[in-house]
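All remarks here apply to the structure that follows.
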Amino acid sequence: HTKWFLGPFLNTARARPGVAAVGNVVVVAGGTTFDRTNTVELAKLPDMAISPASKNFGSQSVSADSAAQTFTVTSNGAAPVTISSVTENGSGFRVTSNTCSGAIAIGTSCSFDVVFHPTSPGTKTATIRLNDDTLQQAHIVHLSGAGTGPAMSIAPSTTLAFGNQNVDTTSGAKTLTL
């Protein structure tokens, strides 16, 4: 009876497309151990790259859309990549268009657009998750931006003095500028 043991070899840093593991291969056959360092080629594997991998949208007025930012996904593995979903996680950011659905042929690209629409002032962060059939099974794009509200001030900045006023009478008008 022959035992076969392969391991440890999973090193996801691939030397070239289609190579899934590089490292030490140990084969135990009939009580004899053969220890070899090899490149083990598994199946042709899909892979992809997203550009940009993150985006800071800068400052954006509350309740207003930023300009759409385009993210490009390139199928760069040894097999087509299949993207099953593109989802937002967090608030203030949304995907407005998406051509990344289904199989993306080797060497081709698809894209999706994202807008920043803050609903309150302050720093906002979110992610876009692409579920796919690569070894990673998902790719994450990090997003950030700052919601800004209108600057307000009241003039005069001191209190208004109306002086003494009889009950059930109208005082003179005072002006406040907002």
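The values are calculated or read from the model by the stated rules, or taken from the named source; none is laboratory data. Predicted model, so just to flag it, every value in this text is computed and none were measured. No Cβ is skipped: glycine too gets one built from the backbone with ideal geometry, and neighbour counts run over all protein chains shown. These accessible areas exclude ligands, DNA and RNA; they are computed on the full protein's heavy atoms, side chains included. Shrake-Rupley method; radii C 1.70, N 1.55, O 1.52, S 1.80 Å.
I'd like to check something: does the range 127-141 contain any residue that is charged (D, E, K, R), without any contact (Cβ under 8 Å) to a residue 24 or more places away in the chain and open to solvent by 50 Å² or more (accessible area, probe 1.4 Å)?
no
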Does any residue of the range 81-89 turn out to be at pLDDT below 60 and either surrounded by 13 or more Cβ atoms within 10 Å (Cβ to Cβ) or in contact with a Cys (Cβ under 6 Å, 6 or more places away or on another chain) (or both)?
no
Six or more apart or on different chains, Cβ atoms under 7 Å: show the pairs whose first residue is in the range 45-74 and over 28 Å from Gly102 (Cα atoms) and whose second is among the β-branched types (Val, Ile, Thr) and open to solvent by 60 Å² or more (accessible area, probe 1.4 Å).
Val62/Thr119; Ser63/Thr119
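Can you confirm whether Lys55 is modelled with pLDDT of 95 or more and not hydrophobic (A, V, I, L, M, F, W, C)?
Values: modelled with pLDDT of 95 or more: yes; not hydrophobic (A, V, I, L, M, F, W, C): yes.
Criteria met by Lys55.
Any residue at all in the range 33-48 that's open to solvent by less than 50 Å² (accessible area, probe 1.4 Å), modelled with pLDDT of 90 or more, in contact with a Leu (Cβ under 6 Å, 6 or more places away or on another chain) and over 17 Å from Ser144 (Cα atoms)?
Start the filter on the range 33-48 by keeping residues that are open to solvent by less than 50 Å² (accessible area, probe 1.4 Å), which leaves 40, 45-48.
Restricting the remaining residues to those that are modelled with pLDDT of 90 or more gives 46-48.
Among the residues that remain, those that are also in contact with a Leu (Cβ under 6 Å, 6 or more places away or on another chain) are: none.
For the range 33-48, residues open to solvent by less than 50 Å² (accessible area, probe 1.4 Å), modelled with pLDDT of 90 or more, in contact with a Leu (Cβ under 6 Å, 6 or more places away or on another chain) and over 17 Å from Ser144 (Cα atoms): absent.
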Just need a number here: residues in the range 49-73 that are β-branched (Val, Ile, Thr) and touching a Gly at 6+ places or on another chain (Cβ under 8 Å).
1
